[in-house]
């Protein structure tokens, strides 16, 4: 672990010295508290969780023996849920954290937003990524040099700006000394009944490591993730008038299905859910045309265990689930990461 020397946020304000010391102390206390709470003397690996949301990466990594040393998330409600479930209060705006104050770690995990880069070209510096949230990942990788990183983004990253955005990201990661691989994976192929395609980028400092993305695994059925309707609050059900209209319009081929009703009123149905979206999923995803998905069902569709505590209101929980990293999918990726790294160590 790196020794803290006082957080130097990017400001020349004379009042920053007190703030720097305070945040530095908070980080040190946070790491000490995390280690004290852990039952295991030595984790299999340590990691940091950037743009953490409600901890999709955290849930997957902890299940594999990882120990989170630092987390960052800017949304207040997501931070509340994260702390309630993992006992770690994420730090806020990552742009205000000096990379040298982040603890040394084995794996950097980050689900970051897709943003365009303003300058076309493959420059040797960081000027063409400055001002984006990927820049924050790059500057931490540059300073901390963790052996491994795993990044998650939307499927469209692979084609964004005619492929230039992803090409720029890969170029910068390689300039930082990482052997990098990427692939679009679908959560539907990794344990959950949700069609959610995501771009996954994996990198290793050790170029001798041969990494392969995970093979598909059997997924849970909708029946396995849906709650007993006798236990579901009436507020999630549509009126009989609306249900009758839907059923008259659409005949599903599946006994248990998620109906997708678009803005035009057209309905399609599948034995799985289409991708959850922050806030919107509640309105257009319907269980057998009769009711909306509950917060617990939305979390299950992302692979969160039922032990995950719901501490925010329904609206916020729906938003959090829609923004989350698919736990079961990134867990399979991390398994492969650990396997590839262990083969090299033998």
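Expressed per residue, the C-alpha convex hull volume of the stretch 269-327 stands at 80 Å³. Taking Cα pairs under 8 Å and at least six residues apart, what relative contact order does the stretch 222-323 come out at, in percent? Answer for the stretch 222-323 is 29 percent. Counting only Cα atoms, the stretch 144-303 measures 61, 31, 28 Å along its principal axes, largest extent leading.
Sorted ascending by nearby beta carbons within 10 Å, beginning with the fewest, 105, 236, 260 become 260, 236, 105.
Our note on the geometry: Cα centres of the stretch 83-116 and the stretch 303-328, 19 Å apart. Radius of gyration (Cα atoms) of the stretch 222-323, expressed as a multiple of 2.2 N^0.38 Å: 1.03. In this simple spin-label approximation, residue 256 and residue 95 carry label points 7 Å from Cα along the Cα→Cβ vector, and these lie 4.5 nm apart.
Bear in mind that the values in this text are calculations on the coordinates, not laboratory data. Predicted model only: the values in this text are computed from it and were never measured. Virtual Cβ from ideal backbone geometry, glycine too; neighbours counted across all protein chains shown.
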